[in-house]
Every structure is written in C-alpha cells, then in structure tokens.
Amino acid sequence: MNAVPSRRTGLLQRHTAGLRGRTRLVCLPHAGAAPGLFAPWADGLGPDVDLVSARYGTPDGVPRGVGDLADRIAGELERLPRRPTTLFGHSMGGIVAYEVARRCSARAGLVRLIVSATVSPAAHLPGGTHRLDDDAFVAEVLALGGTAPELFSDPAARAVWLPPIRQDFRLIDTYRHRPGPPLAYPLTAMAGQHDHEAPPDLMRPWRDTTSSDFDLRVFPGGHFYLLDARQAVVAELRRRLERPSAAPSSPALP
C-alpha cells in the first residue's frame, strides 16, 4: 500500500500517505508504548484508510493531565481535513480516546469510538505506579507486558525511556472521571478473553457511556491480545471502517 515514513505534527503521527483515504483511524496507545506501535497495521487496513496515532508528550512540554492531553489531541483532529473518523484506544488509550471524543466538535468527523482493554471511566481507580522507585517501576511495567524489555536493558537506554514512560503512567494514575452527558457515537469495546486487568465483564459498563449503539468483541489472549492477534484485530477494524455510522456530535463537557 502507500505506506510512508511516519510523519509527526504536534501530538499526531501519520503512518500512511492517506491523503485520499475515505476514512481515518486515530489510535491512542497504552502507557509506555513504543513509537510506531500501530504502523504495521497500515497494510491490513488498506490504502483508503488514513492511519494516525498519537503520542502523549512533546519536547515542548508534557500535558498536565488526561484532560489537557485530550484537549490538545481534539484540537489537532479538528484541524485535519475532514473525513469519517474512528478513535481506537488501547488500555490507557481507551480513556484518552473517550476524553477526546467528549471534546471533539462536528468538525472532527467522529463516527465511532473503539475502546480496548480498559475499564469504563467511572470504574477507573487512581494508581501510584508512577511514584515507585526506578527498579520497582520497571518491574511493574514489564509485568504488564506490551513494553520491550530492551528499553531498560542498559543504563543509557533506561535513562532515555524511563522518564516518558513514567510520565504516561502519571497521566493515567491521576485521572479522575468527570460525569457528564453520554456520547452520541456508537461505541465498540474490545477485550482479551484472559485479560486480568480489564476482563470482558468489566468492559460491558462502557455501554453506559453512549446513547448510541454498543457492542463487545472478545479476542483470544490477555491484556495485549492486539499484539498476538494482530491480523484478527486489524481485520475487525477494517470491517468497522467499511461501515462507518453517521452520528451527531457529542455534547460538550459542562
């Protein structure tokens, strides 16, 4: 397909040429995700999908919290050429995607929210992982999976990667849900069958966050099922993108 070197503007990174894509998929990663996590999805999604992902900090400064991060991402989405847009968020990214969806106006063209491997915002509990000492923090991150051990394999690599990963965890550890009107977009929840962090039964309450359609899709695997079952996940996303649902814009936050 028309894959191109990833290009970044602000917090958004494009993984395909996608200039003529009829639809857009914006991916929000888990805490500590490696750069380019979603780039391999481009071939499976096809040339008519504009594949974009977000990062959670820039050299110019880090967000004060998830709300600030969502404000920035929503603002950047609204400046892109308008086309039907689906948000996909995995783990921490599911919460971020939800908050982005709450903030986007009709200009962003959102048609669906897909959340993966994360409990609903109302069920999210604050955490203290980001406050652990370096050794304990690294052990916790590696135990969760999804982060390459080589990032911590020598002191030089550890010094580079530890601060931004800790910053990601600070954002999600300190997140507090602000109740408000439900979204007006269809919402799909995706879960790993053996995920102990966000099992399928704890994903079902996401239905309460939208006034539109809701469905739950369960895949074999654990918290990072999307890595082991990449082909099945991308095929499912492709089917969703082929049938975008028109939806009104979500009410603004109070």
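Relative contact order of the chain: what whole-number percent is it, with Cα pairs under 8 angstrom and at least 6 residues apart?
Values: 510 pairs, mean separation 50.2, N = 254.
Averaging sequence separation for qualifying contacts and normalising by length gives 20 percent for the chain.
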- Query: Using a simple charge model, +1 on the beta-carbon of Lys and Arg, -1 on the beta-carbon of Asp and Glu, nothing else, what dipole does the chain show about its Cα centre, in debye to the nearest 20?
  - Reply: 1140 debye
- Diffusion coefficient, µm² s⁻¹, Stokes-Einstein with Kirkwood Rh over alpha-carbon pairs of region 104-193 at 25 °C and 0.890 mPa s: 155 µm²/s
- Query: Amide H to amide H, which residues 5 or more places from Ala31 or on other chains are under 5 Å from it, using H placed in the peptide plane?
  - Reply: Met92, Gly93
- Item | Unit charges at the beta carbon, dipole of the chain: most positive-side option, Pro200, Val138, Val111 | Val111
- Item | Inverse mean reciprocal Cα-Cα distance (Kirkwood Rh) of the chain, Å | 18.2 Å
- Task: Would you please give the FRET efficiency between Ser153 and Asp208, computed as 1/(1 + (r/R0)^6) with r the Cβ-Cβ distance and R0 = 51 Å, to the nearest 0.05?
- Result: 0.75
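Accessible area per residue for the chain in Å², computed with a 1.4 Å probe and the full protein assembly in place, what is it? The partial results should precede the final answer.
Numbers: 11250 Å² over 254 residues.
In whole numbers, the chain has 44 Å² accessible per residue.
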- Message: What's the ranking of 112-125, 215-228 by average number of surrounding C-beta atoms within 10 Å, highest first?
- Response: 112-125, 215-228
- Could you check the simple spin-label distance between Arg176 and Arg243, using points 7 Å along Cα→Cβ, in nm with one decimal? 4.1 nm
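What size of dipole, in debye to the nearest 20, comes out for region 82-179 about its Cα centre when the only charges are +1 on Lys and Arg C-beta atoms and -1 on Asp and Glu C-beta atoms? Walk me through the numbers on the way to the answer.
Values: 12 positive and 9 negative charges, 199 e Å.
Using only the charged Cβ atoms, the result is roughly 960 debye.
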- Message: Out of the total accessible area of the chain (probe 1.4 Å, heavy atoms of protein only), what percent is carbon and sulfur?
- Response: 54 percent
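How much of the pair distance distribution for region 33-97 lies past 13 Å, counting alpha-carbon pairs only, in percent? Display every interim value, and only then the final one.
Values: 1471 of 2080 pairs.
Result: 71 percent of Cα pairs exceed 13 Å.
The values are calculated or read from the model by the stated rules, or taken from the named source; none is laboratory data. In this text the structure is predicted, and so the values were computed from the model without any measurement. Because the Cβ atoms are built from the backbone with ideal geometry, glycine has one as well, and the counts that use them run over all protein chains shown. All accessible areas refer to the heavy atoms of the entire protein, side chains included, with ligands and DNA or RNA removed. Shrake-Rupley method; radii C 1.70, N 1.55, O 1.52, S 1.80 Å.
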